[in-house]
1. Give me the helices (runs of 4 or more DSSP H) completely within region 30-132, filtered to those with at least 1 residues that are open to solvent by less than 50 Å² (accessible area, probe 1.4 Å), at pLDDT 95 or above and small (Gly, Ala, Ser), ordered by residue number.
2. If residue 190 passes every condition in (1) of a type in the set (S, T, N, Q); (2) touching a strand residue (DSSP E or B) at 6+ places or on another chain (Cβ under 6 Å); (3) more than 27 Å from residue 121 (Cα to Cα) but one, which one does it miss?
3. Which numbered condition trips up residue 149, out of (1) at pLDDT 95 or above; (2) open to solvent by 10 Å² or more (accessible area, probe 1.4 Å); (3) closer than 17 Å to residue 23 by Cβ?
4. For region 207-229, give me each residue that is buried (at least 17 other Cβ atoms within 10 Å of the Cβ) and among the polar types (S, T, N, Q).
5. Quickly run through region 175-206 and pick out the residues that are open to solvent by less than 40 Å² (accessible area, probe 1.4 Å) and among the acidic types (Asp, Glu).
6. Only one of (1) open to solvent by 10 Å² or more (accessible area, probe 1.4 Å); (2) at pLDDT below 95 is not met by residue 27, so which one is it?
7. Are any residues in region 208-220 over 17 Å from residue 128 (Cβ atoms) and free of Cβ contacts under 8 Å to residues at least 40 places away in the same chain, and if so, which ones?
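The values are calculated or read from the model by the stated rules, or taken from the named source; none is laboratory data. Just so we're clear, the structure is a prediction, and the values are computed from it rather than from any experiment. FYI the Cβ positions are ideal-geometry reconstructions off the backbone, even for glycines, and counts take in every protein chain you see. When the accessible area is computed, the model is the full protein with side chains, heavy atoms only, and any ligands, DNA or RNA have been set aside. Shrake-Rupley method; radii C 1.70, N 1.55, O 1.52, S 1.80 Å.
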Amino acid sequence: MVLASENAAKLAVLIDADNARPTIAEALLAEVAKYGTAHVKRAYGDWTGTNLKGWKDRLLAQSIQPVQQFAYVTGKNATDAAMVIDAMDLLYTGRFDGFCIVSSDSDFTRLASRLRESGLTVYGFGERKTPKPFVAACDKFVYIENLTHPDSAVVATDAALTPPTRTPAEQLVEDTALLNQLGNAVEAASDDDGWAPLATVGHIITKQHPDFDSRNYGYGKLSDLMAATTMFESERRSPGDGKPGVVYVRDKRPHDGKKPEDA
């Protein structure tokens, strides 16, 4: 986990309380802390009703500011408009490096695109039912179900959010799409001997597939997932001077008719 510091990215966390479960609050903010410091935490909805009662119990504990938005017309989600307006106001202050949009609603697709056009990083958080356009509009998209995984620092308990089970190695080997994603990223970041820094591999995959996450397959780390496929080898290299080692990975499969060790 990336520790917050004075140089950490300044983030604004905007939660569509009408579209997000209150049980994920603690795990959500723990995940956000991996990417920066949440300088703004707001949850939007009609707090005069009973629908958001579960959220009310979480606001004080997590220091989340509730933003009141009355439902003027039945069937129309006024919360979306309030979030968009606030997001643009915060954007124009120039004080933030990125936004965390918490919703499974595709209505925020254009907002995510607009924020990225201004050079800010956008992290999306939603359930697996989230439409692909919103997922693709974010720099990184985290499925809420992954935050309930036992490997997570904080576990959100909600029977409706089923954590992914660990995919067996024999199934991973048959997952051509996954192996191609991993292999292409390794190749793009590799040196002449086929070795690539694991961190760089992860960055490349995320740029191509914002919702890629080793936790989608039940593995807490990318290195664990790659090892489980049995198609990649890894080694830790120490730069010396007491600095932590860097993990490198290499594709074991033949490439252009040659194995990595024959290159």
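1. On the way: elements: 53-62, 78-93, 109-117.
Hits in region 30-132: 78-93, 109-117.
2. It is condition (3) that residue 190 fails.
3. The failed condition is (1).
4. Of everything in region 207-229, those that are buried (at least 17 other Cβ atoms within 10 Å of the Cβ) and among the polar types (S, T, N, Q) turn out to be 214, 216, 223, 229.
5. none
6. Result: residue 27 passes all but (1).
7. The answer is 208, and nothing else.
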